[in-house]
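Taking it in order: structure first as structure tokens, then the write-up.
The values are calculated or read from the model by the stated rules, or taken from the named source; none is laboratory data. It should be emphasised that the depicted structure is a prediction, and the values quoted were computed from it without experimental measurement. We place every Cβ from the backbone using ideal geometry, glycine too, and count neighbours over all the protein chains shown.
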Amino acid sequence: MNYFKTTLSGLTWTAGQRGGVRGFNILKTVLLARLLTPAQFGFFGISAISLGLLDIATETGINVFLLQENDSWTDYVDTAWVISILRGLFIFLLIMITAPAVSGFFSSPQSLYLLYLISLVPFIRGFINPSCIRFQKQLQFRQEFYYRSILILVETLITVILGLYLRSAQALVWGLTGSAALEVALSFFIFSPRPRLQFQPDQARIILSRGKWVTGFGLLNYIFTNLDNIVVGRLLGSASLGIYQNSYRISTVPLTEINDVFYKVTFPVFTQMKARNRSLYPAAVRSILAVSVPVVFVGLGIAFFAGPLVRLLLGPGWEAAIGPIRILSYLGIVRGISLSVNSLFMALKKQVFVTFTSFISVFGLGITLVPLVHRFGLLGAAYSALIGSLLAFPVSFFLAARTLKYAR
């Protein structure tokens with residue numbers, strides 16, 4: 001197999017897919033920013049924080065496990081599906097039970113109904129056919145592009161249409177719910193094997209044992225990307241949270257998307273290369289360099305044009321986002337480059353390295369966040385996130401160099 005040609009084709013299709021996803025998300029934000037207030041975005045942000053935390057905290061690593069397995073992966077689909085259903089039900093119940101406490105913590109009674117509503121999303125997603133990783137596993141990136149594009153298009157249409165009608169943050173939640181229901185239907189229509197309600201405890205132990213580091217990484221990554229949201233929402237209020245979250249999206253999403261494109265392609269490619277005893281060293285070095293160059297240029301562009309971007313994308317009333325965007329664009333550069341080594345770690349089953357570097361980031365964020373927010377407000381939250389990312393940067397590349405030394 002010509003891995004360079006496959007990777008190049010995969011990058012093209014995956015970049016198109018991710019670019020389309022983010023393009024629709026930006027369009028959705030642009031339209032809704034003119035229909036909803038910053039406080040309403042904050043209400044949705046509170047419900048999204050709760051969903052995201054429980055989603056990550058209960059992550060089983062099923063998709064990573066199935067991607068890492070070779071020909072025997074289809075034997076695990078039934079058990080993986082049962083685990084996924086139980087996980088979705090568990091998250092649904094937890095959100096329903098904790099919704100009043102979460103709403104009270106943020107002093108935001110308006111978010112209570114949204115929390116109840118968003119609990120449907122993980123419940124529905126739990127029924128997605130685990131075989132949906134087939135396109136990625138078989139390096140069929142064009143088919144993955146069409147599949148994901150349909151889902152984001154439907155989510156955007158539902159959200160925007162309901163936003164025009166309801167003028168409420170409920171539109172954002174109904175968009176997620178509709179997209180989740182469609183993904184369940186498509187996953188059974190398109191992918192095989194189709195799972196059955198059969199559970200094998202031995203298989204479950206293998207999946208969960210392999211997935212524990214994925215859970216740790218996911219939880220720490222969630223804390224790093226949301227702890228500042230929690231503190232801002234608690235100390236500065238829902239309106240400030242809405243401003244900060246949109247600042248974070250505008251400044252970091254384009255940069256992390258570049259890295260995510262490479263990760264989605266290089267993880268399965270590196271896994272196949274490892275299975276065929278091919279050297280990963282030259283491919284990994286090229287991948288890191290290919291991520292770093294566009295990340296730096298795009299990040300600097302966002303920092304320089306922060307003011308015009310806010311006026312273009314968010315409109316009047318969002319000027320407070322300009323300062324955080326400038327700082328967070330540098331976070332995006334550092335984090336985008338740092339995360340470029342994760343596909344190498346995952347292909348070599350070194351999930352522990354990903355978890356460790358995430359812990360360093362969270363540590364830096366955790367010890368600086370509250371003092372800096374008290375001192376500088378939204379800018380302090382942005383500075384704290386940047387500090388955490390800078391601490392993890394050299395650790396990531398030390399571990400990458402060590403890994404590549406044995407991957408030659």
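A few notes on this one:
To keep it simple, each residue is scored yes or no on (1) crowded, with 19+ Cβ neighbours inside 10 Å; (2) part of a helix (DSSP H, G or I); (3) not aliphatic (A, V, I, L, M).
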{"residue": "Y222", "(1), (2), (3)": "yes, yes, yes"}
{"residue": "I250", "(1), (2), (3)": "yes, yes, no"}
{"residue": "R278", "(1), (2), (3)": "no, no, yes"}
{"residue": "V285", "(1), (2), (3)": "no, yes, no"}
{"residue": "V293", "(1), (2), (3)": "no, yes, no"}
{"residue": "A303", "(1), (2), (3)": "no, yes, no"}
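- The set of residues in the range 128-155 being surrounded by fewer than 20 Cβ atoms within 10 Å (Cβ to Cβ) and either closer than 14 Å to T177 by Cβ or of a type in the set (S, T, N, Q) (or both) consists of Q138, Q140, Q143, S149, L151, V154.
- Residue that is at pLDDT 85 or above, surrounded by 19 or more Cβ atoms within 10 Å (Cβ to Cβ) and over 30 Å from A33 (Cβ atoms), where the choices are F217, F191: F191
- If you go through the range 84-127 and keep only what is of a type in the set (V, I, T), surrounded by fewer than 22 Cβ atoms within 10 Å (Cβ to Cβ) and within 22 Å of R205 (Cα to Cα), you end up with just I85.
- Every test in (1) farther than 30 Å from A347 by Cβ; (2) surrounded by fewer than 18 Cβ atoms within 10 Å (Cβ to Cβ) is passed by G178 save one, and that test is (2).
- Subset of the range 66-83 that is out of contact with any Leu (no Cβ under 9 Å at 6 or more places or on another chain) and crowded, with 21+ Cβ neighbours inside 10 Å - its residue that is modelled with the highest pLDDT: T79
- The helices (runs of 4 or more DSSP H) located wholly in the range 37-119 that include 3 or more residues which are within 20 Å of R234 (Cβ to Cβ) occupy 38-57, 77-105, 112-118.
- Looking only at residues of the range 326-345 that are of a type in the set (A, V, I, L, M) and more than 15 Å from V291 (Cβ to Cβ), we find that the one that is surrounded by the most Cβ atoms within 10 Å (Cβ to Cβ) is L328.
- Of the criteria (1) among the small types (G, A, S); (2) within 29 Å of T14 (Cα to Cα); (3) touching a residue at least 40 places away in the same chain (Cβ under 8 Å), which one G301 fails: (3)
- Of note, V354 satisfies the criterion of being buried (at least 22 other Cβ atoms within 10 Å of the Cβ), part of a helix (DSSP H, G or I), under 20 Å from the mean Cα position of the chain (by Cα) and modelled with pLDDT of 85 or more.
- Residue in the range 133-150 that is of a type in the set (A, V, I, L, M), without any contact (Cβ under 8 Å) to a residue 40 or more places away in the chain and at negative phi present: yes
- Residue in the range 320-330 that is over 30 Å from L31 (Cα atoms), at pLDDT 85 or above and in a helix (DSSP H, G or I) present: no
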